[in-house]
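Undergrad: Here it is, the structure, as structure tokens.
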Amino acid sequence: MSHTAQPSIHLQQGATITYKLWQGGPQLLLCLHGYGEGAHYFEALAAHLTVNYTLLAINFPAHHGSTWPETEAFTPSDLYNCIQQIPTFAGKQFHVMGYSMGGRVALSFAEHYPQLMNSLFLLASDGLQTNFWYYISTQTTWGNRFFKRTMENPAWIFKLLQLTQQLKLINSSVVKFAMHYLHEPNARALLYQRWTVMRAFYPNRKALALLLQQYAIPVRMVFGKYDKIIKYKRGEAFKRLMGNNATVTVLPGGHQLLQAKWMEHWLPFIATLHESVATNR
């Protein structure tokens with residue numbers, strides 16, 4: 001994957017957001033990445049789609065050169081302002097794809113700017129169910145302070161993870177996933193910074209479902225059957241709110257659905273997003 005210097009957007013707050021743009025066909029697609037990943041994760045997807053699509057992928061704050069003031073939240077309106085500074089996308093409607101954390105960002109952006117959305121494609125998407133620990137850590141002042149102290153002194157949470165694994169209260173793969181982001185001070189500091197700065201992307205699912213139906217925005221969701229982080233049942237619950245305006249596909253994989261072996265299964269869905277819009281409207 002390419003890690004060459006990326007163009008950037010400089011906003012009024014002095015913040016810098018980096019991005020990648022793949023010029024191609026007339027259809028516009030905004031790609032939103034997962035936690036700890038970045039715009040370059042969509043390189044392979046762009047190689048398949050640029051006949052019909054032009055792709056834009058934004059690096060979230062604290063990811064791949066994007067910076068943001070530590071005390072301020074990156075908001076849906078900030079994301080909108082970034083998009084409007086890309087001439088190809090400015091003033092246009094576009095399709096949105098969100099993977100994992102990027103799915104939560106996509107859902108929240110759709111809630112605030114449904115008039116910009118042609119369609120929504122969610123891949124192993126976060127944001128479809130209330131996560132108690134995430135809510136406490138990012139949506140409450142006291143919880144965020146406690147979260148910061150825990151990331152600085154994590155001994156108790158290591159013991160808790162070990163105990164819950166021994167009692168078989170949580171899956172070992174979930175423990176492994178958690179430890180990946182907690183094993184060293186820098187990783188914990190980034191976790192606190194990233195969760196906190198992205199706290200404004202917290203969708204109201206019922207309100208969003210009504211807006212998506214009102215604006216006739218088709219939603220296609222793809223999940224891994226064996227994903228221990230994002231359960232496919234979350235997508236099925238959201239589909240019940242959406243009715244015929246949404247579809248759910250479950251693949252026999254885990255969470256890493258951007259891998260080539262899984263992309264070949266869902267690529268036809270995203271390659272024909274513009275056709276689903278024509279059908280819905």
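The values are calculated or read from the model by the stated rules, or taken from the named source; none is laboratory data. Owing to the predicted nature of the structure, the values given are computational and were not obtained by experimental measurement. A quick note on method: Cβ atoms are made from the backbone with ideal geometry, for glycine too, and the neighbour counts reach across all protein chains shown.
Undergrad: Name every residue in the stretch 231-257 that is under 21 Å from residue 131 (Cβ atoms) and assigned to a loop (DSSP other than H, G, I, E, B), in order of residue number.
TA: Answer for the stretch 231-257, where residues must be under 21 Å from residue 131 (Cβ atoms) and assigned to a loop (DSSP other than H, G, I, E, B): 231, 254, 255, 256, 257.
Undergrad: I've got another one for you. Which residues, counting only those in the stretch 183-200, are touching a helix residue (DSSP H, G or I) at 6+ places or on another chain (Cβ under 6 Å) and among the hydrophobic types (A, V, I, L, M, F, W, C)?
TA: Across the stretch 183-200, the qualifying residue is only 195.
Undergrad: If you check residue 206 against the conditions, is it over 30 Å from residue 67 (Cα atoms), in contact with a strand residue (DSSP E or B) (Cβ under 6 Å, 6 or more places away or on another chain) and assigned to a helix (DSSP H, G or I)?
TA: No; evaluated as a whole, the condition is false for this residue.
Undergrad: Now a separate question. In this structure, does residue 211 turn out to be in a helix (DSSP H, G or I) and either closer than 21 Å to residue 105 by Cα or out of contact with any Cys (no Cβ under 7 Å at 6 or more places or on another chain) (or both)?
TA: Judged against the criteria, residue 211 is a match.
Undergrad: List pairs: first in the stretch 84-102 and assigned by TED's automatic domain parsing to the domain that holds residue 46 and in contact (Cβ under 8 Å) with a residue 24 or more places away in the chain, second among the β-branched types (Val, Ile, Thr) and assigned to a loop (DSSP other than H, G, I, E, B), Cβ under 9 Å, 6+ apart or cross-chain?
TA: Correct list of pairs: 100/229; 100/230.
Undergrad: Residues that are on the phi < 0 side of the Ramachandran plot and crowded, with 18+ Cβ neighbours inside 10 Å, at least 3 per element: which strands (runs of 3 or more DSSP E) completely within the stretch 1-105 meet that? Give the steps one after another, and end with the answer.
TA: Working: elements: 8-10, 16-22, 27-32, 53-58, 94-99.
Correct list: 16-22, 27-32, 53-58, 94-99.
Undergrad: Mind telling me which of the residues 125, 108, 137, 119 ends up being in a loop (DSSP other than H, G, I, E, B) and either more than 16 Å from the chain's Cα centre (by Cα) or small (Gly, Ala, Ser) (or both)?
TA: 125
Undergrad: Return yes or no: is residue 43 within 16 Å of the chain's Cα centre (by Cα) and closer than 19 Å to residue 256 by Cα? Give the steps one after another, and end with the answer.
TA: Working: within 16 Å of the chain's Cα centre (by Cα): no; closer than 19 Å to residue 256 by Cα: yes.
Spelling it out, it is not the case that residue 43 is within 16 Å of the chain's Cα centre (by Cα) and closer than 19 Å to residue 256 by Cα.
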